[in-house]
1. Quick check on my filter: what residues within the range 98-130 are within 16 Å of the ligand (Cβ to nearest atom) and farther than 23 Å from residue 16 by Cβ?
2. Quick check on the range 47-69. Is at least one of its residues surrounded by fewer than 21 Cβ atoms within 10 Å (Cβ to Cβ), closer than 30 Å to residue 119 by Cα, within 16 Å of the ligand (Cβ to nearest atom) and assigned by TED's automatic domain parsing to the domain that holds residue 115?
3. Within the range 102-110, is even one residue more than 18 Å from residue 237 (Cα to Cα) and surrounded by 20 or more Cβ atoms within 10 Å (Cβ to Cβ)?
4. Every residue in the range 223-240 that is surrounded by fewer than 14 Cβ atoms within 10 Å (Cβ to Cβ) and in contact (Cβ under 8 Å) with a residue 12 or more places away in the chain, please.
5. In this structure, is residue 42 over 22 Å from the mean Cα position of the chain (by Cα) and within 16 Å of the ligand (Cβ to nearest atom)?
6. Go through (1) in contact with a helix residue (DSSP H, G or I) (Cβ under 6 Å, 6 or more places away or on another chain); (2) surrounded by 21 or more Cβ atoms within 10 Å (Cβ to Cβ) one by one and return the number of the condition residue 134 breaks.
7. Can you name the residue in the range 389-415 that is within 21 Å of the chain's Cα centre (by Cα) and at pLDDT 70 or above and is also farthest from residue 32 (Cα to Cα) among such residues?
8. For residue 92, only one of the following conditions fails: (1) within 19 Å of the chain's Cα centre (by Cα); (2) within 16 Å of the ligand (Cβ to nearest atom). What is its number?
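The values are calculated or read from the model by the stated rules, or taken from the named source; none is laboratory data. As the structure is a prediction and not an experimental result, all values here were calculated from the model. Methodologically, a virtual Cβ is constructed for each residue, glycine included, from the backbone with ideal geometry; neighbour enumeration extends over all protein chains shown.
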Ligand SMILES: [Mg+2]
């Protein structure tokens with residue numbers, strides 16, 4: 001029995017989430033804006049048909065959107081994260097291994113039955129997801145990750161309502177691969193596709209059939225892997241556990257520039273709290289921490305600064321991350337700079353299974369276990385009652401006040417007070 005690789009993707013995910021909690025947005029144009037209502041990062045199919053492009057600055061399109069009667073929403077990552085968790089939970093039950101690739105995308109492995117047909121499985125999964133979560137998904141199936149991505153692309157392009165395409169069962173794939181533009185082959189960077197185009201290679205089929213030696217000479221093992229994946233030889237590993245990650249970054253842009261150390265420290269504290277919480281969820285420790293900040297890239301006196309510290313022992317402890325990031329914030333801060341972005345990066349992540357102990361420090365161990373218990377209590381309260389129900393003093397100012405979200409939908413799935421009241425007489 002052979003193994004199939006599946007790629008599952010939520011259709012117009014952010015827009016679908018918004019429509020889910022507000023059905024009156026369905027069948028009308030809808031776009032979702034990036035942080036601070038900057039530009040368009042998602043749109044539904046109706047908005048796409050009306051010619052609204054991705055990545056456009058909102059202020060330039062405001063009038064057009066208004067004229068076309070297209071609804072506009074600020075991004076609501078709390079909502080999308082919650083719907084994503086529910087989606088992945090269902091996928092986990094229906095697949096063997098699952099690699100969560102992004103908020104709305106996952107790779108999975110599955111045994112191919114003797115008759116090789118997986119369309120019945122796919123159809124069932126789509127209807128279960130739709131029934132339980134209300135989000136439409138597209139399923140691409142192949143022998144490798146690259147093939148599964150291509151199959152997903154074809155399923156979307158075909159525009160029929162099946163939402164599934166299995167390229168693995170197609171004997172001669174040439175016709176399909178001929179239609180995949182080289183820029184749409186997953187994993188090829190801009191440079192590599194430009195190099196290929198220069199050589200006259202314009203689609204996936206031509207790339208698959210070109211000289212491997214030439215690919216290897218120019219792009220080494222990375223290029224060769226992609227080419228082999230197109231040929232159906234699986235070479236890109238499956239990362240079933242988030243603990244395979246080596247780095248974790250939490251960063252945000254502000255709605256308006258800040259210039260005080262206090263505000264910078266509050267923002268950085270918040271990101272350090274989110275990052276250490278993610279670390280604990282992934283069962284990982286970090287060995288070092290970087291904080292950074294920057295002014296507007298397009299300003300005349302562009303300024304960016306960062307500072308890194310190694311942690312004495314790899315750990316996942318919020319209070320240690322907070323203390324370290326506060327010290328680092330002082331180092332990156334320069335007065336009179338209009339800062340518009342800041343972030344925290346945790347590096348050299350490792351599994352928390354192997355814990356380094358400081359020998360002969362009884363007092364240290366006691367303190368450490370107290371801090372661990374404190375983190376558990378805080379995580380427990382926040383998991384139950386919603387993020388930021390309880391937090392650390394250094395992040396006390398509601399950081400959202402420096403994020404612009406004018407068109408934010410109500411959080412209907414992550415806060416108890418947002419649950420609608422139904423009156424039955
Ligand atoms: Mg998607």
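1. Result: no residue meets the conditions.
2. yes
3. Our first condition is that a residue be more than 18 Å from residue 237 (Cα to Cα); within the range 102-110, this holds for 103-104.
Pick out the ones that are also surrounded by 20 or more Cβ atoms within 10 Å (Cβ to Cβ) and you get 104.
There is at least one residue in the range 102-110 that is more than 18 Å from residue 237 (Cα to Cα) and surrounded by 20 or more Cβ atoms within 10 Å (Cβ to Cβ).
4. Just the residues of the range 223-240 that are surrounded by fewer than 14 Cβ atoms within 10 Å (Cβ to Cβ), to begin with: 233, 237.
Passing the criteria: only 233.
5. On the way: over 22 Å from the mean Cα position of the chain (by Cα): no; within 16 Å of the ligand (Cβ to nearest atom): yes.
The answer is no for residue 42.
6. (2)
7. 413
8. Evaluating residue 92 over (1) within 19 Å of the chain's Cα centre (by Cα); (2) within 16 Å of the ligand (Cβ to nearest atom) leaves (2) as the failure.
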